[in-house]
Amino acid sequence: MPTAEEFKTIGNDFYSNHDFEAAIMNYSQAIVKNPKNVIYYQNRAMAYSKLGKYEEMERDCSKALEILPNSVKALYYLGIALTALRRFRQGAEVLDKAYAESVKMSSALSPKISEQILLLKEQRHSHELESVRRQSDTLLTYMLELLEKDKQEQLNELKAQGLSGQALRSERQFVQEEFLDKEKQIISTFKASQKGSQNGNSAMEEIPDYLADPISFNLFMDPVVTPAGQTYERSWLLEHLKGGGKDPLTRKNLSPKDLYPNLAVKKAAEDFMKRNGKY
Amino acid sequence: MSYQRRIMKELERLKTAPPNSHITLVEANDLETWQIDLEVNNDNPLYTGKTFRLQFIIGPNYPVESPQVQFMPLPARPIPIHPHIYSNGHICLDILGDEWTPVQTVASVCISLQSMLGSNDRDERPPDDERYIKHAPKNPKQTRFVYHDDTV
């Protein structure tokens, strides 16, 4: 019988060959042999994510976190699972914690986590727009039904007035046309308001250069300013500084302790995300 | 892949808004290998009327690590003659090696090469060309170029 570590190795081999079902089976065997190793849960979580099984992924991440509450990788994976499951509020909390831990440990995962935080915000934004749109669709259907009812009532009234022949036909046509106009107006008003809310107020804005990190090209999430006055996204700059420690623009020595958060840019970037929902 | 987004954004910009009309993206099928046609954007008689083919290989750690850049010899795409360009297409340029920083881009490298060619008036290869190409590694990044002769 293979040991837990051997099962993990076999699982990893299946994983790299994209046989995720078989990988999961082997990680599960490893977990049976040794339920206290976070790596087995983390690896199985990743295999589940490849199969789109985010609930299982979430469960494995939570188990890993029971064993090792500050595991950066488990927190990050849990954040991915919660994003996919559209549990945005919880996902944002988890990812914030993952990011803080990751920066503290100067883990190479920091850039990925910061990107996942932006992705969650983007998806939350479009999710919110979608639900607003669905609500307004329901309202539109309701309005059209009311309009139809009103039309029928008016048509019935014509008959009650005792009209007949040519007079009835022309009155009927008049009512029909009037209501067709109203229907068109209602629909176009709704469409216009939907379009407006999708695009913010006007057309979708492009990310201005002053809100985009010059290394990742992403919208700023945790911007820091260097002594030269240049602003970078913290995690990407830290990755760069691991190899040599020079300011990317001035090429002067730069140490992580020289960096200060750029709160004004952070606020401006958050505002941009709120309005445009993209990074 | 953490850096995929930056690479895609760079590619998109290069396609839709190249830095000038003498830099043309030819293809970038897999996001990893980019082919770019380059011309000088002045009237330097050494290079006017000629088009050169650049190849960028974007590694998994780009832009933290520099891309692998060289000229490619093709029909109607010669290797430009320059004291810092070897006849196999390898380029001796500090920003492609030790002086690379992640704020640089494929486009900014193209501009640097354009100005390196544009300002050159010596119709010659590096002095050690023959020796170098005999033993050159496939990947120019494995060469420890000595950045001598700053006058060029």
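Every number here is computed from the coordinates shown, using simple stated rules; none is lab data. Just so you know, these numbers come straight off a predicted model, no measurement behind them. Here Cβ is always computed from backbone atoms with ideal geometry, including for glycine, and neighbour counts include all displayed protein chains.
Suppose every Lys and Arg Cβ carries +1 and every Asp and Glu Cβ carries -1, with no other charges. What dipole size does the protein assembly as shown come out with about its Cα centre, to the nearest 20 debye? Walk me through the numbers on the way to the answer.
On the way: 54 positive and 59 negative charges, 187 e Å.
Using Cβ point charges on Lys, Arg, Asp and Glu, the protein assembly as shown gives about 900 debye.
Hey, got the dipole for the stretch A:64-108? About the Cα centre, +1 on K and R Cβ, -1 on D and E Cβ, debye to the nearest 20? Each step should come with its number before you reach the end.
Values: 6 positive and 4 negative charges, 29 e Å.
With Lys and Arg at +1 and Asp and Glu at -1, about 140 debye.
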**OP:** Could you list the GluC sites (Glu not before Pro) in the stretch B:47-152 that lie in coil according to DSSP, counting only those with at most 14 other Cβ atoms within 10 Å of their Cβ?
**Re:** B:Glu99, B:Glu124
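Given the -39500 (n - 2.57) contribution per DSSP H run of 4+ residues, what per-residue ellipticity at 222 nm results for chain B, rounded to the nearest 500 deg cm²/dmol? Working shown, then result.
Working: 3 runs with 33 residues, N = 152.
Roughly -6500 deg cm²/dmol at 222 nm, from the helical runs in chain B.
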**OP:** Return one number: the angle in degrees, 0 to 90 and rounded to the nearest 10, between the long axis of the Cα atoms of helix A:88-104 and the longest principal axis of the Cα atoms of chain A.
**Re:** 20
**OP:** Using only Cα atoms, tell me the angle between helix A:110-160 and the longest principal axis of chain A; keep it within 0 to 90° and round to the nearest 10.
**Re:** 10
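Average partner chain C-beta neighbours within 10 Å, per residue of A:113-120?
Working: counts 1, 1, 5, 1, 0, 1, 1, 0.
The mean count of partner-chain Cβ atoms within 10 Å per residue comes to 1.
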Subject >> Positive minus negative residues near B:Leu54 (Lys, Arg vs Asp, Glu; Cβ under 14 Å) >> reply: 0
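Please sort A:260-273, A:107-120, A:28-41 by packing, taking for each peptide the average over its residues of neighbouring beta carbons within 10 angstrom, highest first. All intermediate terms of the calculation are to be shown ahead of the outcome.
Working: A:260-273: 15.9, A:107-120: 21.9, A:28-41: 18.1.
The packing order, highest mean first, is A:107-120, A:28-41, A:260-273.
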**OP:** Specify the angular offset, from 0 to 90 degrees and rounded to the nearest 10, of the alpha carbon long axis of helix B:4-16 from the longest principal axis of the alpha carbons in chain B.
**Re:** 70
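Using the number of other C-beta atoms within 10 angstrom as an exposure proxy, rank A:Lys97, B:Lys138 with the fewest first. Please list the in-between numbers first.
Values: A:Lys97 19, B:Lys138 9.
Lowest to highest Cβ neighbour count: B:Lys138, A:Lys97.
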Original post:
What is the distance in Å between the Cα centres of the stretch A:6-47 and the stretch A:227-250?
Top reply: 37
Original post:
Relative contact order, percent, of the stretch A:29-183 when contacts are C-alpha pairs under 8 Å separated by at least 6 residues?
Top reply: 13
**OP:** Determine the shape class of chain B: with a ≥ b ≥ c the square roots of the Cα gyration tensor eigenvalues, call it rounded for a/c under 1.5, and otherwise prolate if a/b is greater than b/c, oblate otherwise.
**Re:** oblate
Original post:
How would you classify the stretch A:209-276 from its alpha-carbon gyration tensor, with a ≥ b ≥ c the square roots of the eigenvalues: rounded for a/c under 1.5, else prolate if a/b is greater than b/c, otherwise oblate?
Top reply: prolate
Subject >> GNM result for chain A, Cα springs below 10 Å: residue of A:Met221, A:Met57, A:Met25 fluctuating most strongly >> reply: A:Met25
Original post:
Counting Lys +1, Arg +1, Asp -1, Glu -1, what net charge surrounds A:Tyr40 among other residues with beta carbon under 10 Å of its beta carbon?
Top reply: +3
**OP:** Please name whichever of A:Asn17, A:Asn34, A:Ala212 sits farthest to the positive end of the charge dipole of chain A, dipole taken about the Cα centre and charges placed at Cβ: Lys and Arg +1, Asp and Glu -1.
**Re:** A:Asn34
Original post:
Taking other Cβ within 10 Å of each residue's Cβ, how do A:His240, B:His135 sort, fewest first?
Top reply: B:His135, A:His240
**OP:** Under a 10 Å cutoff between Cα atoms, tell me which one of A:Asp209, A:Asp137, A:Asp150 has the largest fluctuation in the Gaussian network model of chain A.
**Re:** A:Asp150
Original post:
For chain A, rounded, prolate or oblate, judged on the Cα gyration tensor with a ≥ b ≥ c (square roots of eigenvalues), a/c < 1.5 rounded, else prolate if a/b > b/c?
Top reply: oblate
**OP:** In a Gaussian network model over chain A where Cα atoms closer than 10 Å are linked, find which of A:Gly162, A:Gly91, A:Gly229 has the largest mean-square fluctuation.
**Re:** A:Gly162
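Tell me what chain A gives for mean residue ellipticity at 222 nm when only DSSP H runs of n ≥ 4 count, each as -39,500 (n - 2.57), the sum divided by the residue total, rounded to 500 deg cm²/dmol. Each step should come with its number before you reach the end.
Details: 10 runs with 191 residues, N = 279.
So the helix-based figure for chain A works out to -23500 deg cm²/dmol.
How big is the Rg/Rh ratio for the stretch A:4-118, C-alpha atoms only, Rh by Kirkwood, two decimals?
On the way: Rg = 13.6 Å, Rh = 14.0 Å.
We get a ratio of 0.97 for the stretch A:4-118.
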**OP:** Treat the count of other C-beta atoms within 10 Å as a stand-in for reagent exposure and order A:Thr83, B:Thr105, B:Thr51, B:Thr16 from fewest to most.
**Re:** B:Thr16, B:Thr51, B:Thr105, A:Thr83
**OP:** Can you grab the distance from the C-alpha centre of the stretch A:158-195 to the C-alpha centre of the stretch B:54-133, Å, no decimals?
**Re:** 72
